[in-house]
Amino acid sequence: MDRNNLGFVDVHTGKVTVLVDRKNRRWLQGQGSFHVTAVKGRSVLVTQSGQRLDYEPDHLWWRLDLNSGALAKLPLQEELAAKGRVLARVELADGDFTLILITKKDDNPQEIWSRMADGALRRLAVTDHYYGTADGQIWWYHVLAQAGARTDYLSGETVRERRANFRIPSQDSLIGCKASFDHRALILQQQLGGSWSERTLPVQADMLR
């Protein structure tokens, strides 16, 4: 079998819900697996990559709705090509499915764009010093102004700060999940009292069929 599935497991009950189950018709055998890039609320950014049946490399981006199971293809490369840019990386900023797009073009500095759920694009910054997204803003360094900068990704408004301790806020993760070494189980990781604990979730391959 060569199928690609997307779903979730209730970590308390062990119940598995399969949202997407597709036979591989686009990629070479074993290629093009779904990869969950980020989850915000009920929205999921999903990618696929590998070699197609014509042996050409390809990369796809999708939006998955955890409520309905709807999987919508995102034409990110085509949208940015119309702006004269090449997509380098994608980040999911919030539960409204605002995306942050990091782009390049030849040897020019990278540009940071936002993309709303309706497809509207906004160029936010031109910088090779992009730190990430927090508090509804992208955080970056403005070389000409020699200052840290925060740009609201909805309005495009930028605030510059000259201070030595300018840095993006961070929050340590308290929960995670990974595949077991033999890829036959899922392992839930939780941080409790400053230390990490692990337990195997009761997920079997036949639950996904």
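The values are calculated or read from the model by the stated rules, or taken from the named source; none is laboratory data. Small disclaimer: the values here were computed from a predicted structure and weren't measured. Counting neighbours? That spans all protein chains shown, and the Cβs are built from the backbone with ideal geometry, glycine included. Side chains included, ligands, DNA and RNA excluded: accessible areas come from the protein's heavy atoms. Shrake-Rupley method; radii C 1.70, N 1.55, O 1.52, S 1.80 Å.
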Practice item. Let me see the pair-distance distribution of the range 111-163: every alpha carbon pair, 10 Å bin width, integer percents in order. Key: 27, 57, 15, 2
Exercise for review: Tally up the carbon and sulfur contribution to the accessible surface of the range 53-183 as a whole percent, 1.4 Å probe, everything protein left in place.
Suggested key: 48 percent
Revision key, fill the gap. CD proxy, 222 nm, the chain: helix-only mean residue ellipticity via -39,500 (n - 2.57) per DSSP H run with n ≥ 4, per residue, nearest 500, stands at -500 deg cm²/dmol
Check your understanding: How high is the relative contact order of the range 53-170, in percent, with contacts defined as C-alpha pairs under 8 Å that are six or more residues apart?
Key -> 12 percent
Review point. What's the extension gain from Ser195 to Lys104 if we count 0.36 nm per residue and subtract their Cα-Cα distance?
Key: 28.7 nm
Study note, to complete from the structure: In the range 110-202, taking the dipole from +1 charges on Lys and Arg beta carbons and -1 charges on Asp and Glu beta carbons about the Cα centre, the listed residue (Thr127, Ile175, Gln146) farthest towards the positive end is Gln146
Study note, to complete from the structure: Note on the chain: alpha-carbon gyration tensor, axes a ≥ b ≥ c; rule is a/c under 1.5 for rounded, else prolate if a/b larger than b/c, else oblate; result oblate
Point to revise | Debye log10 I(q)/I(0) at q = 0.11 Å⁻¹ for the range 79-194, Cα point scatterers | key: -0.48
Review point. Charges only on Cβ, +1 for Lys and Arg, -1 for Asp and Glu: so what's the dipole of the chain about the Cα centre, in debye to the nearest 20?
Key: 120 debye
Practice item. Quote the relative contact order of the range 1-105 in percent (integer), defining contacts as alpha-carbon pairs under 8 Å separated by 6+ residues. Key: 18 percent
Review point. Where does each of 78-88, 50-60 land if you order them by average Cβ count within 10 Å, highest first?
Key: 78-88, 50-60
Review point. Considering only Leu71, Val203, Met1, whose Cα is most displaced toward the positive end of the charge dipole of the chain, charges sitting on Cβ of Lys, Arg (+1) and Asp, Glu (-1)?
Key: Met1
Revision key, fill the gap. Relative contact order as a percentage, the chain, C-alpha pairs under 8 Å and 6+ apart, gives 10 percent
Point to revise | Distance violations [Cα-Cα > 23 Å] among Lys23/Lys83; Lys40/Lys104; Lys15/Lys178; Lys40/Lys178; Lys104/Lys178; Lys23/Lys73 | key: Lys23/Lys83; Lys40/Lys104; Lys104/Lys178
Review point. Under a 1.4 Å probe, what is the accessible area of the chain per residue, stated in Å²?
Key: 62 Å²
Exercise for review: Using the Cα centre as the reference, give the magnitude of the dipole from point charges on the C-beta atoms of the range 45-150 (Lys, Arg: +1; Asp, Glu: -1; all else neutral), rounded to the nearest 20 debye.
Suggested key: 180 debye
Point to revise | For the range 95-145 and the range 1-50, distance of Cα centres in Å | key: 27 Å
Exercise for review: Output the peptides 154-161, 97-104, 112-119 sorted from most to least packed, where packing is the average of other Cβ atoms within 10 Å over each peptide's residues.
Suggested key: 97-104, 112-119, 154-161
